Amino acid sequence: MKVHVAIGRDLYDGLSTIQWALNKWSNNSISIVVLQAANNIRKDYVYTPLGKLPASSVSDEKLKDLDKSEEVNNDKILSQIIASCGRIKAEVFKMEKSEEPIHKQLLEIISSQRITKLVLSLTIMKSSAWKSRTAVSGSFYVLRQKPHFCELFVICGGRLLSLRKENKDGLIEDDRGNAVAKFTEKNGFRSLLGRRHSPDSPSSSSSGSNNSPAEWEKYSEEIEQYVNQLLALNEEEEEEDANCNESSADSFMQENMSKAERIEALKLKVQRAEDAMHLNRKEANANKGRRAKAERAISLCGTWAMELEGCVSEEVLKNSGIKKELDSRKDELFELQGEVEEKRSKLNSILELQRELNNKLQLSSSAKSRAEVQLEKAGRTRNDMVREIEELRGQRDVIQRRIEFCREKDAMGSADTLNTLSFDYREFTAAEIRAATEDFSEGLRLKSRGRLTSVYKGCINHMTVAIKMYDSANVPSPEAFTAKVLLKD
């Protein structure tokens, strides 16, 4: 057998409800399905490490973190409730958040899941409303609208509550038969907390001041009772109107009666008049009490109104102070915005200058790299030029030494020539002559008075010679040449 237990988010109430179900079916083989309602109450305030704050003043991320922490605590509560079931199989069914009230959601789940045994904690009805009146009316709604196959058990504080229908009224009794509360469509229903004891048990009166919440709660109960009495008076007036209609009908019937019957009717009227007078006296006495209660209610309402007016005036003063502070904060914010804009413009100019300096630095770096490359090239060129200069200096020294040697040789030759006039005879081959004159090049041909001659300049074996070209017809014979040239041994 499967038993569904609907609980709220209170750990003590959930454990007591589960324990009642386990004790109820301790002799049967059952499995527990824990129905937990979602928290549909709109949160205007949230509790943070800084204290109680309005939900509108907290960021969305913080609200999500608070919801997560609440879910973690709720999971811990469910784990403890499941652990309290012991060896009995238990599972959890979480109800989703919905715009519909909790009692209508329960009816839908009963029909869809075919729930036959439902243990309903009264605190689950408070998941969508703070008031106990709404919770109790929701319980009566489930009781009246549930399918016939579902058996409902309402639990409050670990005790069974009996919901009985009396016409349009609902009577709530505990498991001992004591009437806990009576719910009507006209009256409001106060919270059941602290009322689960017997009506005959003495109630301790609080000695607080008239401004305490408990005192105002008691006054509000008295005012509500007075309103209920006024509604009852309206019903009595309607009954009196009906009695007047009946008396007019009796007077119409007396015209057709005999004297004896009329006497009996008059006796009845006299008796009714006496009863009415007695009732009117009682009513007058009751009206005195009601008037005293009404005056007390009016005085309480007046006191309450004066206190509310004082609270309103205080709130107005607070709002004016808050408005002044808000205006000053706005001025400070405006000044801060101006300073921020000014600093932002300065920062933008600094950033622009920094970008320009970065560009110049990049250009300087590239120019420096190019200059270094050019400097390296110039250094290499200089080294090459220095090397070439050294080579040229060496060649110059060699040439100077040769020139000096040649000068000395020429000087010595000139001296010898001056001292002794002699001639040498040497024979050269045609190849040596052609090589000396570069094959009789025109560049080596000597000129005389601007005219070309047949004499060529040449160098044979480091000797400068003059070579004269003769025509074949004018070539002298060897004897004639020998006669002209003095041969030297």
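The values are calculated or read from the model by the stated rules, or taken from the named source; none is laboratory data. Small disclaimer: the values here were computed from a predicted structure and weren't measured. For neighbour counting, all protein chains shown are included, and Cβ atoms are generated from backbone atoms with ideal geometry for every residue, glycine included.
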Task: segment 75-91, subset β-branched (V, I, T) and more than 31 Å from the chain's Cα centre (by Cα), residue surrounded by the most Cβ atoms within 10 Å (Cβ to Cβ) - done: I81
TODO: Out of the residues in segment 56-86 that are part of a helix (DSSP H, G or I) and of a type in the set (S, T, N, Q), state the one that is farthest from S26 (Cα to Cα).
DONE: S57
Open item on the list: Can you say whether S29 is at pLDDT 85 or above and either over 22 Å from I102 (Cβ atoms) or crowded, with 17+ Cβ neighbours inside 10 Å (or both), as far as the supplied structure shows?
Closed with: yes
TODO: Return yes when R144 is in the same structural domain as L15 (by TED's automatic domain parsing), modelled with pLDDT under 75 and more than 34 Å from the chain's Cα centre (by Cα) and no when it is not.
DONE: no
Task: The one condition in (1) outside any helix (DSSP H, G or I); (2) surrounded by fewer than 10 Cβ atoms within 10 Å (Cβ to Cβ); (3) at pLDDT 80 or above that Y456 fails to fulfil - done: (2)
Open item on the list: Looking only at segment 459-471, how many residues end up being assigned to a loop (DSSP other than H, G, I, E, B) and either at positive phi or in contact with a Cys (Cβ under 9 Å, 6 or more places away or on another chain) (or both)?
Closed with: 2
Task: Candidates L118, L171, L107, filtered to the one that is modelled with pLDDT of 90 or more, in a strand (DSSP E or B) and either surrounded by fewer than 12 Cβ atoms within 10 Å (Cβ to Cβ) or in the same structural domain as G14 (by TED's automatic domain parsing) (or both) - done: L118
Open item on the list: Can you find, within segment 393-433, the residue that is nearest to K457 (Cα to Cα) among those that are among the acidic types (D, E) and modelled with pLDDT of 80 or more?
Closed with: E432
Open item on the list: Is it the case, given these coordinates, that A276 is over 60 Å from the mean Cα position of the chain (by Cα) and among the hydrophobic types (A, V, I, L, M, F, W, C)?
Closed with: yes
